[in-house]
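Asker: Submitted below is the structure of interest, expressed as structure tokens.
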Amino acid sequence: MSAEERSSAAAGAREDRRRALIGAAFREIAERGFEGLRTREVAAAVGLNIATLHYYFPTKETLIQGVVDHAMERFRTTLEPHGSPGDQLRNHLRAVRRLLREEPALGAVMAELALRSARDPAIAGIVRETFDAWSRTLRGLLRRAAREGHLDPALDSDDVAALIVSTLMSLTLPAPSWSARGDQVIRQLERWLGLSQAETKRPADPSN
């Protein structure tokens, strides 16, 4: 094996360890809540010692940042650049709902972090930056949808983006019979934005 190949293999191993640590922390938060997160147990879960964990994540906050980045990677999979802006927005809403239903641990982690951010300025900063990035993406999508006639141009894209993020994040919070209510929330949001009507529109038959 050449020096370049050894270097590449070592970099790959480091990234694998980093991802393993993030995955272990993600599971700890999902199962035990934020208060139950112990870095020593995270390291032990993947067969590493605490010193190795600190090599990759010098502070607990940097580990949390890794967990948030991992969670947002999952949310980013719901943004597909296919179809009209209206289609993309509607598909995003439904895909997030489906993702949270199929991966309850993801919702549990996001809920824990959101609740913790109210008491922890460091976590609040991480969560705020993450949601700001999500809102920027939505604002761009909303503006394109309005320009192409899929949304009411009078809607304020900043306000609507904030409403969408808040609505989708509320689906991560535990509530009785939330599964059915979550579907209702998404349907109502689509109706308010006019997306449910956009889905049913069909081109006129040229033969008529």
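Asker: Kindly indicate whether any position in region 191-204 is touching a Gly at 6+ places or on another chain (Cβ under 6 Å), at pLDDT 75 or above and not in a helix (DSSP H, G or I).
Answerer: Scanning region 191-204, I find no residue that is touching a Gly at 6+ places or on another chain (Cβ under 6 Å), at pLDDT 75 or above and not in a helix (DSSP H, G or I), so the answer is no.
Asker: Here's another thing I want to ask about it. Identify, please: which residue in region 62-104 is over 10 Å from the mean Cα position of the chain (by Cα) and of a type in the set (Val, Ile, Thr) and is, among those, surrounded by the most Cβ atoms within 10 Å (Cβ to Cβ)?
Answerer: Taking the candidates together, the pick is Val67.
Asker: Yes or no: Gly107 modelled with pLDDT under 90 and surrounded by 14 or more Cβ atoms within 10 Å (Cβ to Cβ)?
Answerer: no
Asker: Here's something else I'd like to know. Output the number of residues of region 70-98 satisfying the condition of being under 21 Å from Glu129 (Cβ atoms) and assigned to a helix (DSSP H, G or I).
Answerer: 9
Asker: Here is a list of conditions, (1) of a type outside the set (D, E, K, R); (2) at pLDDT below 95; (3) farther than 21 Å from Ala161 by Cβ, and Ala25 meets all of them except one; can you say which number that is?
Answerer: Exception for Ala25: condition (2).
Asker: Could you figure out which of (1) assigned by TED's automatic domain parsing to the domain that holds Gln188; (2) touching a helix residue (DSSP H, G or I) at 6+ places or on another chain (Cβ under 7 Å) isn't true of Thr52?
Answerer: Unmet for Thr52, out of (1) assigned by TED's automatic domain parsing to the domain that holds Gln188; (2) touching a helix residue (DSSP H, G or I) at 6+ places or on another chain (Cβ under 7 Å): (1).
Asker: Follow-up question, since we're still on this one. Check whether at least one residue in region 46-69 is over 19 Å from Thr130 (Cα atoms) and basic (Lys, Arg), and report yes or no.
Answerer: no
Asker: Considering Ala20, Ala9, which residue is more than 25 Å from Pro121 (Cα to Cα), modelled with pLDDT under 95, outside the structural domain of Phe131 (by TED's automatic domain parsing) and of a type in the set (A, V, I, L, M, F, W, C)?
Answerer: Ala9
Asker: Within region 42-70, can you find the residues that are under 20 Å from Leu106 (Cα atoms) and either touching a strand residue (DSSP E or B) at 6+ places or on another chain (Cβ under 9 Å) or not hydrophobic (A, V, I, L, M, F, W, C) (or both)?
Answerer: Lys60, Glu61, Thr62, Gln65, Gly66, Asp69, His70
Asker: Given (1) in contact (Cβ under 8 Å) with a residue 60 or more places away in the chain; (2) in the same structural domain as Leu193 (by TED's automatic domain parsing), where does Arg27 come up short, assuming only one miss?
Answerer: Among (1) in contact (Cβ under 8 Å) with a residue 60 or more places away in the chain; (2) in the same structural domain as Leu193 (by TED's automatic domain parsing), Arg27 violates only (2).
The values are calculated or read from the model by the stated rules, or taken from the named source; none is laboratory data. Bear in mind the structure is a predicted one, so any value in this text is a computation, not a measurement. Because the Cβ atoms are built from the backbone with ideal geometry, glycine has one as well, and the counts that use them run over all protein chains shown.
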